[in-house]
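This report refers to the structure that appears directly beneath it.
Computed from the coordinates by the stated procedures, all read-outs in this text should not be read as laboratory data. The model shown is predicted, which means the values in this text are computed figures rather than measured ones. FYI the Cβ positions are ideal-geometry reconstructions off the backbone, even for glycines, and counts take in every protein chain you see.
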Amino acid sequence: MLPKALIAAGTALQLLGLASAGFWESTTHLFRQAPVELPQPPIEARMIVHENEWGVLSTISHKVPGVPFGNVLSYSDGPRGKSWGRPFFYMRSDDPTAQDARANSNASLAVTEAQTGSCRQRHYDEEDPNCARLALAGRLLEVPAAELPSAHEALFSRHPQMIDWPPNHHFVAFELHIESIRMLDQYGPHIEISADDYYSATLHESP
Ligand SMILES: *[C@@H]1O[C@H](CO)[C@@H](O)[C@H](O)[C@H]1NC(C)=O
């Protein structure tokens, strides 16, 4: 069964004539006949962020000063079909990434369309510019108490195992507050996407 929200998102994009051939094939098989035009960059970025369940989150290491530390982490930008575009993470309080973020909140999340399987399906290498990828940079901050219900809704719906992670490991929710985005989705230079355009893009029809 197809998730209803995916169909909604797909339909919205198809109506706009924005769906890219192959982009959704791996998950929905809906768009084999879709036009080859790519979605608007902010929408495409939001689609990739929403489709994926994990990414590489890089911080400036406090252990090896000045050196980036990339960590493979699960994340969620909202329950499936309810993309908020806000990447939430759940990690042990003593995770190196959490420790780095407390010392220096500058962080960058890398995600790629390849994670959905659609690049190999279209015979594109992961580094081929046709295989869209992006880096979202900003501030990695602990989620304040008032926002925890949203963070937990986003995380636990996409990563049900997290609900049972042991409380004595002190898991903490973080959010990457995005300030700049660079995306490569075709031949040519990386595209800059403003945080405003990214956050205000509408991915799904209103619930
Ligand atoms: C974080 O990044 C900003 C640029 O966005 C830079 O001005 C600032 O110095 C960085 N902070 C630290 C602690 O490295």
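Please give the direction-averaged projected area of the C-alpha convex hull for the stretch 56-123, in square nanometres with one decimal. Could the numbers behind the result be given before it?
Numbers: hull surface 23.6 nm².
Mean projected area for the stretch 56-123: 5.9 nm², to one decimal.
Compute the Cα gyration tensor for the stretch 116-195, then decide on rounded, prolate or oblate, letting a ≥ b ≥ c be the square roots of its eigenvalues: rounded whenever a/c is under 1.5, prolate when a/b is larger than b/c in the other cases, and oblate in all that remain.
Judged from the Cα gyration tensor, the stretch 116-195 comes out oblate (a/c at least 1.5, b/c at or above a/b).
Given R₀ = 30 Å, FRET efficiency for ASN104-TRP165 by Cβ-Cβ distance, to 0.05?
Details: r = 26 Å, r/R0 = 0.86.
Working from the Cβ atoms, E equals 0.70.
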